[in-house]
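This report concerns only the one structure given below.
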Amino acid sequence: MEQGKTNIQNKQLPQETSNFFSTRFIRFLGGKNLLFLLLILLIVGCVIFIYDKISFIFQPLRVLFEVVILPGVLGVILYYLTRPFLRLLMRWNISKIWAILIIYLVAIGALALTIVLIYPFLRDQFTNLMNEFPAYFMAFVENIVSWLNNSRLDEYFARINFDYDQMITSLTDDIVTQVKDLATGFATSVASGITGFVSALTGLVLSLVIVPFILFYLLYEGEKMPKFIVRLTPPSMRKFVGEVLHDMDKQISSYIQGQILVSICIGAMVTIGFLIIGLDYALLLGVLAMVTSVVPYLGPVIAITPAAIIAIVSDSPFMILKLAAVWTIVQLIEGKFISPQIMGKSLSIHPITIIFVLLTAGSLFSVPGVILGIPAYALIKVLVTHIYQVFKKRYNRFQTTEEDMYEE
């Protein structure tokens with residue numbers, strides 16, 4: 001009897017494979033569900049088109065998002081930075097509310113100490129650098145012109161009647177003029193639009209004032225948030241949603257904590273190295289390296305540029321070589337020892353992918369996109385990876401095995 005059923009199924013198999021929706025590839029994509037998927041995509045496209053035409057209705061929501069995004073992002077960053085200390089204090093049998101208050105007191109004390117001891121020195125160095133940077137830049141240009149005059153390129157440019165001296169001088173004058181026009185235009189715009197300037201400054205101050213309150217509630221209720229989100233989902237999806245939220249939390253926590261620690265280490269090493277070689281404005285350049293190293297690959301380039309200009313025009317002819325040696329040692333220590341130990345391979349993102357993400361996010365969202373592009377990509381990658389695993393597990397019976405390949 002069973003053999004007869006098998007023969008009947010084998011006879012019906014060619015009829016099923018002749019159907020378009022019974023082919024292996026279409027069955028892998030979902031069979032007849034593929035039509036529903038295409039229909040859903042069409043409906044989504046129509047909805048997007050309609051909402052684009054009536055986007056003015058959502059202007060209040062857009063304003064609300066713009067107001068909330070800055071304190072929200074800062075609150076999340078501070079939450080992931082302070083959460084390890086909160087958990088450590090709670091392991092010492094300290095209640096959560098008292099642990100949060102201790103963290104706040106320590107943070108306020110560290111901020112006050114930084115403002116009292118370090119800020120005046122950094123402010124004076126920054127002011128002096130801004131006043132002397134035009135002279136540094138002009139000396140840098142003169143060194144380039146002098147090097148060209150004493151090189152073989154001078155003869156080549158003379159043959160083709162190319163006056164590079166005049167070109168560089170004109171370019172330098174244009175840059176200086178544009179900088180002056182930019183400063184004048186900024187001052188004029190501030191003077192003429194003082195109301196808008198005060199409004200923007202007030203909004204920024206209010207956003208920063210809200211951050212401590214957001215951080216407090218995140219520290220106090222942050223552990224309950226994933227469980228609350230999981231309970232909102234259907235029972236069949238709770239395990240999947242819980243795994244996604246856990247991996248997202250792990251990714252963003254590892255990135256924020258690791259990147260901040262790596263940036264602090266880079267800033268300390270750069271400052272110590274510049275002090276050893278005697279480079280001017282060592283502390284200010286170290287702080288600049290610490291801040292810009294938050295952005296992978298692009299940050300070090302931004303940090304080394306003013307240091308290279310100062311080194312080239314310094315009194316010591318070998319200062320640029322010393323700077324190159326310090327920077328190489330810092331990058332080697334950071335790449336071979338610090339980053340692998342602190343961050344490991346938590347993100348597992350290829351360097352080319354990081355560059356593309358930074359360029360795309362920077363073009364779309366400017367500076368915030370450059371800073372937040374990598375963690376946003378990491379979260380999207382986690383979500384897409386889990387969805388793909390579910391999709392693969394659901395349709396794994398339609399995958400081509402080695403036996404099928406040999407039979408074909």
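The values are calculated or read from the model by the stated rules, or taken from the named source; none is laboratory data. All of these numbers come straight from a predicted model, not from anything done at the bench. We place every Cβ from the backbone using ideal geometry, glycine too, and count neighbours over all the protein chains shown. Surface accessibility is based on the protein's heavy atoms, side chains included, excluding ligands, DNA and RNA. Shrake-Rupley method; radii C 1.70, N 1.55, O 1.52, S 1.80 Å.
Side notes on the structure shown:
- Residue check, residue 156 in a helix (DSSP H, G or I), at pLDDT 85 or above and among the hydroxyl-bearing types (Ser, Thr, Tyr): no
- Subset tally (residues that are under 15 Å from residue 341 (Cα atoms) and among the charged types (D, E, K, R)) for segment 239-266: 0
- Top-ranked residue of segment 245-276 - restricted to ones that are more than 14 Å from residue 326 (Cα to Cα) and β-branched (Val, Ile, Thr), ranked as most open to solvent (accessible area, probe 1.4 Å): 264
- Number of the condition not met by residue 339 [criteria: (1) hydroxyl-bearing (Ser, Thr, Tyr); (2) surrounded by fewer than 18 Cβ atoms within 10 Å (Cβ to Cβ); (3) touching a helix residue (DSSP H, G or I) at 6+ places or on another chain (Cβ under 7 Å)]: (2)
- Checked against the criteria, residue 332 does not count as under 29 Å from residue 136 (Cβ atoms), out of contact with any strand residue (DSSP E or B) (no Cβ under 9 Å at 6 or more places or on another chain) and open to solvent by less than 30 Å² (accessible area, probe 1.4 Å).
- Filter result for the condition that a residue is over 27 Å from residue 368 (Cα atoms) and at pLDDT below 90, over 76, 106, 116: 116
- Against the conditions (1) modelled with pLDDT under 80; (2) surrounded by 13 or more Cβ atoms within 10 Å (Cβ to Cβ); (3) under 24 Å from the mean Cα position of the chain (by Cα), residue 313 satisfies every one except (3).
- Only residues that are modelled with pLDDT under 85 and among the hydrophobic types (A, V, I, L, M, F, W, C) were counted across segment 242-281, and they come to 0.
- Selected residue (only one of 288, 279, 284 is in contact with a helix residue (DSSP H, G or I) (Cβ under 9 Å, 6 or more places away or on another chain) and open to solvent by 40 Å² or more (accessible area, probe 1.4 Å)): 288
- Residue in segment 231-238 that is at negative phi and outside any helix (DSSP H, G or I) present: yes
- From 121, 133, 85, residue being open to solvent by 90 Å² or more (accessible area, probe 1.4 Å), in contact (Cβ under 8 Å) with a residue 24 or more places away in the chain and not charged (D, E, K, R): 121
- Every pair of residues 6+ apart whose Cβ atoms lie under 7 Å, when the first sits in segment 379-394 and is under 22 Å from residue 357 (Cβ atoms) while the second is in a helix (DSSP H, G or I) and open to solvent by 70 Å² or more (accessible area, probe 1.4 Å): 386/243
- Restricting attention to segment 291-324, the residues that are among the charged types (D, E, K, R) and in contact with a helix residue (DSSP H, G or I) (Cβ under 8 Å, 6 or more places away or on another chain) add up to 1.
For (1) among the β-branched types (Val, Ile, Thr); (2) part of a loop (DSSP other than H, G, I, E, B); (3) in contact (Cβ under 8 Å) with a residue 24 or more places away in the chain, each residue gets a yes or a no:
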site: 276; (1), (2), (3): yes, no, yes
site: 299; (1), (2), (3): no, no, no
site: 302; (1), (2), (3): yes, no, no
site: 307; (1), (2), (3): no, no, yes
site: 329; (1), (2), (3): yes, no, yes
